[in-house]
Amino acid sequence: MKEVLVVYYSQTGQLFNILEKIVSTLSHQDVNITYYEIVPDNEYEFPWKTDNFYDVFPESFLQIPQAFKSPNEEILGKKYDLVLLGYTVWYLTPSIPVNSFMKSEWAKKLLKDTPVVTVIACRNMWLMAQEKMKKLLHDCDAKLVGNIALVDKNINHVSVITIMHWMFNGKKTKFLGVFPKPGVSEKDIQAASLFGKPIQNALLSNNFNNLQKQLLELKAVKVKPLLIATDKRGNVVFSKWANAIIKKGGPGDPKRKKWLGFFKYYLLFAIWVIAPIVFVVFLLTYIPMKSNIDRNKKYFASVDSK
């Protein structure tokens, strides 16, 4: 009997729906599925209040772990043949609950010498979050054998508007009745069931060498060249903001609230003013940079580590 563990934190439920679809075709008479939901001691509310949404930024980006409820003894008592690790992206980084789990002794016990398939659901930028996840997996002596990244396929500025509607109102509905629905489309969520078969085959044969190639053939990952530079640059800028803000105090501290206000306005400026400029520069430099862009696309679509 093959043992599979599904580890996840799904604030809105979207990621869990995706994982369910994958597992629906991974199931087999010789496969036993166990779910472990990461539950923070202090739950993150949904929908978000605006101040709280921005207040998690420093701890998110700096990957500062928070307390969470431990896996039960039944989960900890098994050795798993495969782990599906589902996470969302907060501020270009794996969410605080998932990061907290990955930095725990429980993760080291559960993931050591174990094949892992990461499953990401996010707005659009996940590349550098996955690089951080690769390091976390390495620290647990786990082996990354596959990655699935499902994103909001609407254009950047439209998805900004729709995701804010969802995060602050709690409804995955059309904003003003005219904008598209936020998040991963229902069509892509349903199609996630396709990824289960190659994962099942790799699991039953105990051979994960070609799994990512097979997942890519099913369009499990699409790397957008423009977002490579944007994600990298965003991490540089976020690092400066996060380190400056966290020095003003902990969550809820009035001293850092003012700085979070500055960060909020910077973020809006970056999205609506800087991002279009970056897009123009990308178009102007695409041809001379094409070989480097192609190498980056191949790398980020893979499960390789630098």
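Summary table
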quantity	calculated
Residue in segment 28-43 that is at pLDDT below 95, in a helix (DSSP H, G or I) and within 29 Å of residue 113 (Cβ to Cβ) present	no
Residues of segment 69-103 satisfying the condition of being in contact (Cβ under 8 Å) with a residue 60 or more places away in the chain and among the aliphatic types (A, V, I, L, M)	75, 82, 83, 84, 85, 92, 98
Residue that is surrounded by the most Cβ atoms within 10 Å (Cβ to Cβ) [pool: residues in segment 267-280 that are free of Cβ contacts under 8 Å to residues at least 60 places away in the same chain and under 23 Å from the mean Cα position of the chain (by Cα)]	267
All positions within segment 44-75 that are within 30 Å of residue 113 (Cβ to Cβ), in a loop (DSSP other than H, G, I, E, B) and in contact with a helix residue (DSSP H, G or I) (Cβ under 8 Å, 6 or more places away or on another chain)	62, 63, 64, 65, 66, 67, 70, 71
Scope segment 192-208; condition free of Cβ contacts under 8 Å to residues at least 60 places away in the same chain and surrounded by fewer than 21 Cβ atoms within 10 Å (Cβ to Cβ); matching residues	201, 205, 207
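Each row is one residue, and each column tells you yes or no for (1) without any contact (Cβ under 8 Å) to a residue 40 or more places away in the chain; (2) over 27 Å from residue 157 (Cβ atoms); (3) in the same structural domain as residue 152 (by TED's automatic domain parsing).
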site: 211; (1), (2), (3): no, yes, yes
site: 218; (1), (2), (3): yes, yes, yes
site: 239; (1), (2), (3): no, no, no
site: 242; (1), (2), (3): no, no, no
site: 247; (1), (2), (3): yes, yes, no
site: 252; (1), (2), (3): no, yes, no
site: 265; (1), (2), (3): yes, no, no
site: 282; (1), (2), (3): no, no, no
site: 289; (1), (2), (3): yes, no, no
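The values are calculated or read from the model by the stated rules, or taken from the named source; none is laboratory data. Note that the structure is predicted; figures quoted are calculated from it, not measured. Backbone-built Cβ (ideal geometry, glycine too); neighbour counts: all protein chains shown.
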